[in-house]
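Here it is, the structure, as structure tokens.
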Amino acid sequence: MKENTFSKDHTKRTLLLLALLLAAVFTASFLFGRYSVSLSDTVRILVRRLLEHIEKMATALFGEGASFLPETKPWAEQTEAVVINIRLPRILAAAMVGACLGAAGAAYQGVFQNPMASPDVLGASSGAGFGAALAILLGASARSITLLAFVMSLLTVVLVYLISLRAQGSRVMSLILGGIMLSSLFSAGTSYIKLVADPNDRLPAITYWLMGSLSGIRLSDLAAAAVPMLIGTAVLLLLRWRINILTFGEEEARSLGVNTNLLRLAVIVSATLITAAGISVSGLIGWVGLVIPHFARRLVGSNFRQLLPASMLLGAAFLLVADNLSRNLLAVEIPIGILTAFVGAPFFIHLLLQREKTL
């Protein structure tokens, strides 16, 4: 197994450049859209909204006081609505979901020691798709669709894990095969739901969700998803140096005092948690978890201390760019899952044709 290694100075500079890239793409994303908003208006609107929240917190803590914000706003109400209610939730969602999928992909590839592993490997995506399709068929609210997609995604991984406990042979292989089996089962269930769904109402909504989109997302949706995202990424970041030990092999890792089964379980649960949280608000967005860790590995090497943060930064920037293209490339919005597939599918073929596969 070939391993990429870089100096500490190189990886620090690369991580700093990736952070600056993400900041630049994040800021520029506010300027793209059908409704033109200047950078100065965007900054002033965001700063004012932040100061309003600070003022409310100060009032709640210390009582009513004099407001330090001017009453008049030098921009149209429509401009503020576009920035706060439409672009801010969408841009935050793209960054958060991209970071989670990138981190989950890197974690899966490290745990399974397989360069083709991705967040789809345990059936999390198929389970989420089935849950969302079922909720849409039943006419549930947008929040209920998100919740059922999240619950079904986690339930799928729990079932896969329980199957692997009862199966004989390699635990890792049992997890992968169990994921493939349940993915096929839930995909069949989703196909049946599409078959019986109303073609004039429910079917288009199900199809659009399955293609992935960040349109119509609200800050309240992000607030609910942010908690599992934060918990899962925090655990992965804390354990990232231990994931390196798994690359030494099962026996050597155990000789170093590492409980490999417990470590794998913690990483898989955390990676699945952030995958499920991301998919529940964005729909099915494939390939990010497969492609991004490979690009990050070329930039910072195979050490998970740097690889995991790099995958998060690169994943967030990549999905922001993809979302900007999806809503501005044509007169009608292109589902973001289609654009990520255009990048991911050729890269997957490239991996299949490679003779040397690296982690």
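The values are calculated or read from the model by the stated rules, or taken from the named source; none is laboratory data. Small disclaimer: the values here were computed from a predicted structure and weren't measured. For neighbour counting, all protein chains shown are included, and Cβ atoms are generated from backbone atoms with ideal geometry for every residue, glycine included. Accessible surface is based on the protein model in full, side chains and every heavy atom, while ligands, DNA and RNA are left aside. Shrake-Rupley method; radii C 1.70, N 1.55, O 1.52, S 1.80 Å.
Evaluate the Kirkwood expression for the hydrodynamic radius of segment 208-257, namely the inverse of the mean inverse distance over all pairs of different C-alpha atoms, and round to one decimal in Å. Intermediate values should be presented prior to the final figure.
On the way: mean 1/r = 0.0708 Å⁻¹.
Its Kirkwood hydrodynamic radius stands at 14.1 Å.
Over the Cα atoms of the chain, what is the Rg over Rh ratio if Rh follows Kirkwood?
Details: Rg = 21.6 Å, Rh = 21.6 Å.
Taking Rh as the inverse mean 1/r over Cα pairs, Rg/Rh reads 1.00.
Scanning the chain for helices, which whole DSSP H stretches are 27 Å or more long along the axis (Cα) and average -1.0 or more by Kyte-Doolittle? Walk me through the numbers before you get to the answer.
Details: long enough: 8-29 (31 Å, 0.86); 39-62 (34 Å, 0.48); 88-112 (36 Å, 1.34); 142-166 (37 Å, 1.86); 171-196 (38 Å, 1.30); 219-246 (39 Å, 1.53); 260-282 (33 Å, 1.55); 304-328 (36 Å, 0.76).
Once both thresholds are applied, what remains is 8-29, 39-62, 88-112, 142-166, 171-196, 219-246, 260-282, 304-328.
Quick one: Debye curve from the C-alpha atoms of segment 152-217, no solvent, what's log10 I(q)/I(0) at q = 0.14, 0.27 Å⁻¹?
Ignoring solvent entirely, the Cα scatterers give -0.57, -1.09.
Shifting gears a bit: If each DSSP helix of 4+ residues adds -39,500 (n - 2.57) and the sum is divided by the residues in the chain, what number results at 222 nm, nearest 500 deg cm²/dmol?
Details: 14 runs with 264 residues, N = 359.
My calculation for the chain gives -25000 deg cm²/dmol from helical runs alone.
Still on this model: Whole-Hz ³J(HN,Hα) for each residue in segment 73-78, computed from phi via Karplus 6.51 cos²θ - 1.76 cosθ + 1.60 with θ = phi - 60°, x for glycine and proline: what do you get?
Those phi angles translate into 10, x, 8, 6, 4, 5 Hz.
Also, I was wondering about something else. Would you mind computing Rg(Cα) / (2.2 N^0.38 Å) for segment 109-240, counting N as its residues?
Working: Rg = 16.2 Å, N = 132, 2.2 N^0.38 = 14.1 Å.
Taking N as the residue count of segment 109-240, the ratio is 1.15.
Cross-link partners among aspartates and glutamates for Lys56, C-alpha distance below 17 Å, same-chain residues fewer than 8 apart left out?
Straight-line reach from Lys56, under 17 Å: Glu64, Glu71.
For segment 230-309, what size does the Cα cloud have along each of its three principal axes, sorted from largest down, in whole Å?
42, 27, 18
Please report Rg (one decimal) and Dmax (integer) in Å for the Cα set of segment 95-183.
14.2, 43
Report the Cα-based extents of segment 212-359 along its three principal axes, largest first, to the nearest Å.
59, 40, 21
Which values of log₁₀ I(q)/I(0), to two decimal places, follow from the Debye formula for segment 9-76 at q = 0.20, 0.21, 0.27, 0.29 Å⁻¹ with a uniform point scatterer at every Cα?
Ignoring solvent entirely, the Cα scatterers give -0.88, -0.91, -1.14, -1.22.
With a 1.4 Å probe and all protein chains kept in place, how much accessible area does Leu238 have, in Å² rounded to the nearest 10?
130
Between segment 280-297 and segment 219-249, how far is it from one alpha carbon centroid to the other, in angstrom?
15
Have a look at Asn259, Leu313, Ser215 and report the one farthest towards the positive end of the charge dipole of the chain, computed about the Cα centre with Cβ charges (Lys/Arg +1, Asp/Glu -1).
So the residue we want is Asn259.
Take the Cα atoms of segment 272-341, find their three principal axes, and give me the spread along each one in whole Å, biggest first.
43, 25, 16
A further question on this structure: Using a Gaussian network model of the chain with C-alpha springs under 10 Å, which one of Leu319, Leu21, Leu236 is most mobile by mean-square fluctuation?
Leu21
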